[in-house]
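Visitor: So that we are looking at the same thing, I have put the structure below in structure tokens.
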Amino acid sequence: MTTAWDAELVAAAQTTIDAAGDGRLHTVAAAVRDTAGGVHTGINLFHFTGGPCAELVALATATKTSSRPLSLIVAVGDAGRGVLPPCGRCRQVMLDLHPDIQVMLADGSVGAISDLLPVSYQWREGS
């Protein structure tokens with residue numbers, strides 16, 4: 001069930017894709033909330049060699065602008081596609097770097113990243 005607090009995060013991602021999307025290279029935006037309530041956004045950069053997803057850009061932006069832990073992330077597609085689930089690479093990065101983060105899914109539910117990547121490899125620095 002999406003709360004008003006969650007809806008604000010979706011709106012931040014939607015505003016970002018509406019403003020910066022071009023339907024070709026930039027087609028997904030993400031918004032992530034830190035534990036202090038700060039919202040950080042990012043947009044994907046599609047490239048055939050594997051450009052960064054919107055979620056990874058939002059995570060990097062949050063790291064640059066906030067020292068708070070991250071609590072919730074959502075991605076939104078352009079052209080009315082709505083909330084999108086994170087790809088496998090993004091799921092692995094989130095699990096490794098932000099193992100307590102929650103992810104919003106298209107049905108409005110919110111779940112732990114560990115639930116989206118069960119029986120996963122867990123990388124830890126120095127291991």
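Read-outs throughout are calculated quantities, based only on the coordinates presented, and are distinct from any laboratory measurement. Everything numeric here is computed off the predicted structure, so don't read it as measured data. Cβ atoms come from the backbone with ideal geometry, glycine included; neighbour counts cover every protein chain shown.
Visitor: Rounded, prolate or oblate: which fits the range 4-116 when a ≥ b ≥ c are the square roots of the eigenvalues of the alpha-carbon gyration tensor, with rounded for a/c under 1.5 and prolate only if a/b beats b/c? List each step's numbers first, then the result.
Guide: Details: a/c = 1.38, a/b = 1.25, b/c = 1.10.
Here the range 4-116 falls in the rounded category.
Visitor: Among 83, 25, 35, whose Cα sits farthest toward the positive end of the charge dipole of the chain (+1 at Cβ of Lys/Arg, -1 at Cβ of Asp/Glu, about the Cα centre)?
Guide: Of 83, 25, 35, it is 25.
Visitor: Separate question: Can you pull the one-decimal nm distance between simple spin-label points at residue 124 and residue 35, each 7 Å off the Cα toward Cβ?
Guide: 1.9
Visitor: Using 0.36 nm per residue, how much length does the chain from residue 68 to residue 112 gain when fully extended, once their Cα-Cα distance is taken away?
Guide: Numbers: separation 44, 0.36 × 44 = 15.84 nm, distance 1.80 nm.
Taking 0.36 nm per residue and subtracting the Cα distance, the gain is 14.0 nm.
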